[in-house]
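Reviewing the structure listed below.
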């Protein structure tokens with residue numbers, strides 16, 4: 001057990017930093033909720049309430065948080081990958097890693113935990129959390145007895161995909177559709193403009209049809225939507241059969257003398 005205020009740790013080793021209080025057994029530390037750290041210190045060390053060196057207390061809590069927030073290799077690999085992919089999805093590396101960390105976490109995380117785990121500055125974490133909230137990819141929550149804000153990702157992966165798709169649509173697709181509609185209202189003054197307008201019309205029709213399909217899928221229950229996505233080849237066969245019946249397919253009776 002312990003050997004005085006700064007004696008042997010309950011894990012069996014002397015504390016590395018003499019300015020830190022000796023922590024409990026690592027198994028206990030691993031199960032801690034961050035908000036419980038100060039209470040645990042006070043229980044383990046009655047003199048804790050008499051200490052006024054705030055920096056010493058902060059270093060103690062930081063040591064606990066470093067242990068609690070240690071990421072396994074698999075988690076770190078996932079977080080690193082999301083950081084690399086973030087720029088391709090319209091967000092920066094920092095925000096991508098933060099979202100991956102929150103997504104994998106079994107409990108809500110506060111800004112201090114995120115900064116400590118990913119070794120980011122507190123200001124970068126604050127800006128990243130604001131961006132994730134703007135994308136509606138994280139939800140804000142509070143813990144009893146804790147004034148800090150905690151963040152968590154939606155539990156349903158389909159909900160995450162739906163929100164992400166909606167935001168991409170609002171930020172990227174809708175401005176494009178608006179521009180195309182305005183261009184199609186213009187009166188072309190040359191053959192080149194007429195050709196360009198026809199190409200724009202084709203693009204507008206395709207995007208508009210995709211958005212109509214997307215709206216229909218959005219109204220489906222997650223289970224139904226997943227079943228629909230798993231029917232890709234079956235839907236293709238149905239459409240091919242329909243084209244044959246209506247004579248629109250390349251293998252329709254009209255285009256195939258054998259009638260097969």
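The values are calculated or read from the model by the stated rules, or taken from the named source; none is laboratory data. Just so you know, these numbers come straight off a predicted model, no measurement behind them. So basically every Cβ, Gly included, is an ideal-geometry build from the backbone, and we count neighbours across all protein chains shown.
Just a few scattered comments:
- Qualifying residue in the stretch 110-118 (condition: surrounded by 15 or more Cβ atoms within 10 Å (Cβ to Cβ), assigned to a loop (DSSP other than H, G, I, E, B), touching a residue at least 24 places away in the same chain (Cβ under 8 Å) and in contact with a strand residue (DSSP E or B) (Cβ under 8 Å, 6 or more places away or on another chain)): no
- None of 141, 189, 121 is loosely packed, with under 14 Cβ neighbours inside 10 Å, in the same structural domain as residue 80 (by TED's automatic domain parsing), out of contact with any strand residue (DSSP E or B) (no Cβ under 9 Å at 6 or more places or on another chain) and at negative phi except 121.
- Here residue 131 clears all of (1) within 14 Å of the chain's Cα centre (by Cα); (2) assigned to a loop (DSSP other than H, G, I, E, B) except the condition numbered (2).
- Applying the condition of being without any contact (Cβ under 8 Å) to a residue 12 or more places away in the chain and under 27 Å from the mean Cα position of the chain (by Cα) to the stretch 173-214 and asking which residue is nearest to residue 226 (Cα to Cα) yields 213.
- Only residues that are exposed (fewer than 11 other Cβ atoms within 10 Å of the Cβ) and at pLDDT below 70 were counted in the stretch 201-228, giving 0.
- Any chance residue 159 is in a helix (DSSP H, G or I), in contact (Cβ under 8 Å) with a residue 12 or more places away in the chain and within 25 Å of residue 221 (Cα to Cα): yes
- The requirement of being under 13 Å from the mean Cα position of the chain (by Cα), more than 24 Å from residue 205 (Cα to Cα) and assigned to a helix (DSSP H, G or I) is fulfilled somewhere in the stretch 134-147, by at least one residue.
- From the options 57, 91, 61, residue that is assigned to a loop (DSSP other than H, G, I, E, B), modelled with pLDDT under 85 and either outside the structural domain of residue 215 (by TED's automatic domain parsing) or farther than 30 Å from residue 215 by Cβ (or both): 91
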